[in-house]
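Enquirer: Got a structure for you, written out below as structure tokens; questions coming shortly.
The values are calculated or read from the model by the stated rules, or taken from the named source; none is laboratory data. A quick note: this is a predicted structure, and the numbers were derived from the prediction, not measured. Here the Cβ positions follow ideal geometry from the backbone for every residue, glycine too, while neighbour counts run over all protein chains shown. Accessible surface is based on the protein model in full, side chains and every heavy atom, while ligands, DNA and RNA are left aside. Shrake-Rupley method; radii C 1.70, N 1.55, O 1.52, S 1.80 Å.
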Amino acid sequence: MAIEHKPGDEFDTVFGQSDSSELTSHRDHDTAPARIFKIIVIGDSNVGKTCLTYRFCGGTFLKNPEATIGVDFRERTLELDGESIKIWDTAGQERFRKSMVEHYYRSVHAVIFVYDVTSLSSFESVPDWIEECSRHCVGPLVPRIMVGNKCDLRDRREVPTTAAQCLADSYNFPLFETSAKEPAEKEHVDAIFLTLAYRLKSHKPLRLKQPNEGGVGRLWDQREPEAATCQC
Ligand SMILES: Nc1nc2c(ncn2[C@@H]2O[C@H](COP(=O)(O)OP(=O)(O)OP(=O)(O)O)[C@@H](O)[C@H]2O)c(=O)[nH]1
Ligand SMILES: [Mg+2]
């Protein structure tokens, strides 16, 4: 599942020659290139995709982010073996996506679907994003996870954990709830990306549970809102 990046492979054709250096991470000049895992982060505009990826790659909360146009790239080198994960932070707004959408999905190793726990509509869009992913031939074995962001906004929560877990179970995806903003969540954001990366690295499928086994990646310590009607 984890694909070794070699010069001339599909990564290079996505970016063209001038960009290929960005995707070639070397341990040193005499050894083979380290593997680079391409993880894409998708979801509605304003759910916090940029802040989440920035938190993971930059270590801090990005204040005043602008809407992403097309795609931004961030990269973090894993401590083990110098391997990298390259994160494609995609635009949620349709008008910024059109020209790039084919490239988002090409040679992807894992997908993170993000919604905002304070926005029911962003949660209701998740199946559309999953559908778009399938339409672009992302294979069923490519690991996918769901992340509910902005858990720090406790009083504004519109998406109960139970409803999110129900949806995640129906797709057999792991669910995580977190906050890109809350400093105490920094390690949890790290854990989400690193879990995915290490699964890719060890070639293990990211399949955490059977449907209805339940269990969210981390339960936010707050009163649970009323459970929504579950369709699954
Ligand atoms: N309270 C809170 N606000 C957040 C969090 N994450 C992001 N935000 C805010 O949400 C807004 C949108 O964040 P972005 O990261 O730009 O959202 P995006 O999903 O990248 O949006 P697009 O690039 O338009 O698709 C910004 O005002 C952020 O400050 C979070 O965990 N908690
Ligand atoms: Mg963005």
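Enquirer: What are the semi-axes of the equivalent ellipsoid for the range 62-148, taken as the square roots of 5 times the Cα gyration tensor eigenvalues, largest first, in whole Å?
Expert: For the range 62-148, the ellipsoid semi-axes come out as 21, 17, 15 Å.
Enquirer: I've got another one for you. If packing is taken as the average count of other Cβ atoms within 10 Å, what order do 148-156, 65-73 fall into, highest mean first?
Expert: Top to bottom by mean Cβ count within 10 Å: 148-156, 65-73.
Enquirer: Mind checking the per residue accessible area of the range 61-163 for me, 1.4 Å probe, whole number of Å²?
Expert: Normalised by residue count, the accessible surface of the range 61-163 is 46 Å².
Enquirer: Oh, and also: For the range 58-169, what % of the accessible area comes from carbon and sulfur atoms, probe 1.4 Å?
Expert: Looking at the range 58-169 in its full context, I get 50 percent from C and S.
Enquirer: Let a ≥ b ≥ c be the square roots of the eigenvalues of the Cα gyration tensor of the range 149-204; is it rounded (a/c under 1.5), or, if not, prolate (a/b larger than b/c) or oblate?
Expert: Note, shape of the range 149-204 comes out oblate.
Enquirer: Among K98/K201; K98/K186; K86/K181; K63/K201, which pairs are too far apart, with a Cα-Cα distance over 27 Å?
Expert: The answer is K98/K201; K98/K186; K63/K201.
Enquirer: Separate question: Please calculate the 1.4 Å probe accessible area of L167, with all protein chains present, and give it to the nearest 10 Å².
Expert: For L167, the solvent-accessible surface is approximately 30 Å².
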